[in-house]
1. Determine the relative contact order of the range 46-134: mean sequence separation of Cα pairs under 8 Å and six or more apart, normalised by residue count, in whole percent.
2. List, in order, the whole-Hz ³J(HN,Hα) value for each residue of the range 10-18 obtained from phi through the Karplus relation with A = 6.51, B = -1.76, C = 1.60 and θ = phi - 60°; use x for Gly and Pro.
3. Using 0.36 nm per residue, how much length does the chain from A35 to L96 gain when fully extended, once their Cα-Cα distance is taken away?
4. Give the distance, in whole Å, between the Cα centre of the range 18-89 and the Cα centre of the range 141-213.
5. Find the relative contact order for the chain and round it to a whole percent, using C-alpha pairs within less than 8 Å whose residues are 6+ positions apart.
6. For every other residue with a beta carbon closer than 15 angstrom to the beta carbon of N84, add +1 if it is Lys or Arg and -1 if Asp or Glu, then tell me the sum.
7. Set the Förster radius R0 to 41 Å, insert the Cβ-Cβ distance between A200 and V82 as r into 1/(1 + (r/R0)^6), and round the FRET efficiency to 0.05.
8. Using only DSSP helix segments of four residues or longer, with each worth -39500 (n - 2.57), what per-residue ellipticity at 222 nm results for the chain after dividing by its residue count and rounding to 500?
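Values in this text are rule-based calculations from the coordinates and carry no lab data. Model, not experiment: these values are computed from the prediction. Reconstructed Cβ throughout: ideal geometry from the backbone, glycine too, with neighbour counts over all protein chains shown.
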Amino acid sequence: MPVQSESNYLGDVLKYEAPNLFSRDEVTLTAGNLALGAVVGRKAPAVTVTPGTNTGNGVMGAVTLGPAALPGSYVVTCKTKVTNAGVFSVVDPRGLPLPDLTVAVAYAGDHINCTLADGSTDFEVGDKFTIAVSVASEIGEFNPAASDGLQFAAGVLVEAADASAAAKQTVIIARDAIVSRTALVWKTGATAPQKAVAIAQLKTLGILVREGA
């Protein structure tokens, strides 16, 4: 008798989600034909830097995002005046503190990466910059080799979605959920270490991957 395989159902993948659809995001799959349970990434979000009415005239350089970057505003505020330098506090969109930033020293972390240049006029206490992160709604298959945002795991598909011919509206689990490791679907060729990194990235979003779920 030939062996028959039954496709997964949502309950095979999703073991817990927050009430009132809080865990879900409506998104657009721009390419590919992905299965229920596929691990996906988001296209790179937009980043906008807005200086306050500052005394110091140093300029914030290009900002790149790390795997734990959150949508919303990061606030960078001068807490200590230093000649030809300065120390700034960094607060994430949840209001939680991140490591301090020092002027003219590269700032690297899981959330944001940047360098605040020193200017001809020193920063004063209270000078600030707001770094706004706007999350894109476009997704694609998680791809460790990508450089457009898809290299960061951002969620799990709750249904099969085919965007082979045209972009497809769909839904992902984006936060605060528990999913089954055995039901996740990965890009062909993804290695065990790459999967481990993606699972850690999902954890930063509150998506826990459980072996026995």
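1. Numbers: 232 pairs, mean separation 41.8, N = 89.
Worked out over the range 46-134, it gives 47 percent.
2. 4, x, 6, 9, 9, 9, 7, 9, 5
3. Taking 0.36 nm per residue and subtracting the Cα distance, the gain is 18.4 nm.
4. With the range 18-89 and the range 141-213 each reduced to a Cα centre, they are spaced 20 Å.
5. 33 percent
6. Net charge in that neighbourhood comes out at -3.
7. The formula returns an efficiency of 0.70 here.
8. Numbers: 2 runs with 17 residues, N = 213.
Taken over the chain, the calculation gives -2000 deg cm²/dmol.
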